[in-house]
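Since the structure comes first, as structure tokens, the remarks are kept for the end.
The values are calculated or read from the model by the stated rules, or taken from the named source; none is laboratory data. Everything quoted here is computed from the prediction, not taken from an experiment. Because the Cβ atoms are built from the backbone with ideal geometry, glycine has one as well, and the counts that use them run over all protein chains shown. The protein model used for the area step is the full one, side chains on, heavy atoms only, and it has no ligands, DNA or RNA in it. Shrake-Rupley method; radii C 1.70, N 1.55, O 1.52, S 1.80 Å.
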Amino acid sequence: MNNNRANEAEFHALKNGNASKNRNVLKHRNIRKSKNASGRNFSCKKASAASLCLAAVLSLSGCSLALEEAQSQPGQDRLAGVFVTTEYIRQGTPEIEMNSQGEITFKETTEKVYGTLNRENDSSQPPITFPGLEGYGLYCLEFPEKDFDGTGVTINDSEERMVSYYTGDDFFTNLHFSSTDQEEGAEGSLYVSTDSAFNYFFNPVYQQKDGQVYLLPGTGISTSYFVDGQKYSHDTSQSISRNMDGREETKSYCFKVSIVAADPPVDTELLFMSEDHQLLKSLNAAQLDAFFEKEVPELELSADVAYLILQQKTKDSMEDTHQLFDRGTETLSYMVPAENHMLRELQIYLVWPGTDR
């Protein structure tokens, strides 16, 4: 199934950038923004105190797990994202040392796990690959403007002009991005099935001045079961102070990931309705899947279609869920089960009579 889908990131620059006319530009959720959108969209919430390497087990009620904002240190690597895994990333063998009292102690080692950037923008590969690890990443990367082949946000945080570049794995939905002189931020949700217990770990990703990226083990959340609509959120943030023309300026980097539970649908049907609310025809799940064999999934609608209803059944629910799509709606979005008890958002572009493609 071809899942090249534009995301509904609620990012103003996408609307102004005619995303509907350039529909294949957002492979792997690569968000490339124009400069003239100062103070764009959301402001990332400040993180509250928690240890960077603390593993937490949360109760069933909806909770937030936040990381304490890192202290600014000269020359420190910049927080560039978060990589979500289902298993804790174990480090190397602890070092054995003897203290001044002659006691044997164990010192945990923290090893950087370096990633490889998908510089070819291959839609079959994640934006960053970490060897031996599976997960889902959300990133804000920075590159020298002279080395960047694409459109980004030009920033002047150093002597060299840099470009901010947002990207992330396809499983992220509800994406929001922020880029100002004081802050860079990204926020997204991962939808998971309620049919399984889960563990998720939020591993901070850093970028060095030479462009290389690496991650460190982060905090985790765990529960024995999920209920439909339950949500856990996790914030990772950092502030870095820099000397700019003789004055100190501080810039924040914020990333928020929410884990949202949903009952996985077992059947999907799209209903085509007339002005007098009569059923014209319908498409089943297999027929909808056929749209994703195209490079850009599009559904052309005839003049007699007034609106669409997406109907989905879940395993244990006594009632179907329904979504209404009025005439003029640009995209049809819905969730389907995916691997590893995840849910994936699919989008089909709707072409109504008299609208530009």
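Miscellaneous remarks
- Given (1) modelled with pLDDT under 60; (2) open to solvent by less than 70 Å² (accessible area, probe 1.4 Å); (3) in a loop (DSSP other than H, G, I, E, B), number of the condition Leu54 does not satisfy: (2)
- Residues (within 15 Å of Ala285 (Cβ to Cβ) and either modelled with pLDDT of 90 or more or open to solvent by less than 30 Å² (accessible area, probe 1.4 Å) (or both)) located in the range 312-332: Gln312, Lys313, Thr314, Thr321, Gln323, Leu332
- Qualifying residue in the range 164-173 (condition: open to solvent by less than 10 Å² (accessible area, probe 1.4 Å), among the aromatic types (Phe, Trp, Tyr) and within 14 Å of Gly135 (Cα to Cα)): yes
- Taking residues in the range 162-186 that are more than 22 Å from Ser123 (Cα to Cα), and partners anywhere that are open to solvent by 30 Å² or more (accessible area, probe 1.4 Å), the pairs with Cβ atoms closer than 6 Å and at least 6 places apart or on different chains are Ser178/Asn41; Ser178/Phe42; Thr180/Gly39.
- Identity of the residue in the range 282-308, among the small types (Gly, Ala, Ser) and touching a residue at least 12 places away in the same chain (Cβ under 8 Å), that ends up farthest from Ser333 (Cα to Cα): Ala303
- Top-ranked residue of the range 119-138 - restricted to ones that are among the polar types (S, T, N, Q) and within 16 Å of the chain's Cα centre (by Cα), ranked as modelled with the highest pLDDT: Thr129
- Taken across the range 195-205, residues that are in contact with a helix residue (DSSP H, G or I) (Cβ under 6 Å, 6 or more places away or on another chain), hydroxyl-bearing (Ser, Thr, Tyr) and open to solvent by 10 Å² or more (accessible area, probe 1.4 Å) do occur, with at least one present.
- Wholly enclosed strands (runs of 3 or more DSSP E) of the range 211-302 bearing at least 3 residues at pLDDT 90 or above and either open to solvent by 30 Å² or more (accessible area, probe 1.4 Å) or touching a His at 6+ places or on another chain (Cβ under 6 Å) (or both): 265-273, 279-284
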